[in-house]
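Just below is one structure, and these are the notes that go with it.
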Amino acid sequence: MSHYESPEYHVRFKEDAFELREYYDFYIVEYENPSDPDLDRGFGTLFRYISSDNVQNEKISMTIPVIKEVTEWGQKMAFVVPREKWERIPTPKDPRLKVQKFEQGLFATLTYSGNSSPRKEEAQMRILEKWVHQKNYTITSNFMVAIYNGPYVPPFFRHNEVMVRVAVSG
């Protein structure tokens, strides 16, 4: 897992599988398609983009995690842009892909292993939500799922996280 680039952050607090992290700015390429709320075509579309299906025909290094965001209508999926491309991020050809800045901020996270499924992700989000409220933080974004491994990694070796942007209540 460690040979792939991932976003930079600072751990401000850790308790068991929970962390409060300060993420620094980074860029993503996000797949959003209201007619594909379950992201059936999301990963393939993003993979084609990094495999050179972009205006500049540039191959882009794989990064981790792939980030899914739960929205009112379904989900979005995003690929983290490697730092070396930040000055000239290749332009997506596919209109369902957009380059976005992932703004610096405070995030609560919960790490879990095994296969991820909508049911398991929802359960982990509820556990994280309860922890966030116990720690007196306010949720300020949609929940996200960070997937660090490909589908062929055995479940007991998989690293997944749910995360949400938070602010200090008060």
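Largest GNM mean-square fluctuation among VAL81, VAL145, VAL55, using the chain with Cα springs under 10 Å: VAL55.
Each residue in ARG158, ARG83 was given a count of other beta-carbon atoms within 10 angstrom of its own, and listing them fewest first yields ARG83, ARG158. Exposure proxy ranking for ASP53, ASP16, based on other Cβ atoms within 10 angstrom of each Cβ and starting from the fewest, stands as ASP16, ASP53.
Describe numerically, in nm with one decimal, the distance between label points set 7 Å from Cα along Cα→Cβ at MET62 and at ARG119. The two pseudo-label positions are separated by 2.9 nm. Taking all Cα pairs closer than 8 Å and separated by 6 or more residues, the relative contact order of segment 26-102 comes to 47 percent.
Most tightly packed first, judged by the mean number of other beta-carbon atoms within 10 Å of their residues, the peptides 62-68, 41-47, 93-99, 151-157 read 62-68, 41-47, 93-99, 151-157. For the options ARG126, ARG48, ARG88, a Gaussian network treatment of the chain with springs between C-alpha atoms closer than 10 Å singles out ARG88 as fluctuating the most. Each peptide in 24-30, 114-120 was scored by the mean count of other Cβ atoms within 10 Å over its residues; highest first, the order is 24-30, 114-120.
In the chain, the longest principal axis of the Cα atoms and the axis of helix 118-134 are about 50 degrees apart.
We did not get these values from a lab; they are worked out from the coordinates using the rules stated. Computed from a predicted structure; not experimentally measured. Note that each Cβ is placed from the backbone with ideal geometry, even for glycine, and that neighbours are counted across all protein chains shown.
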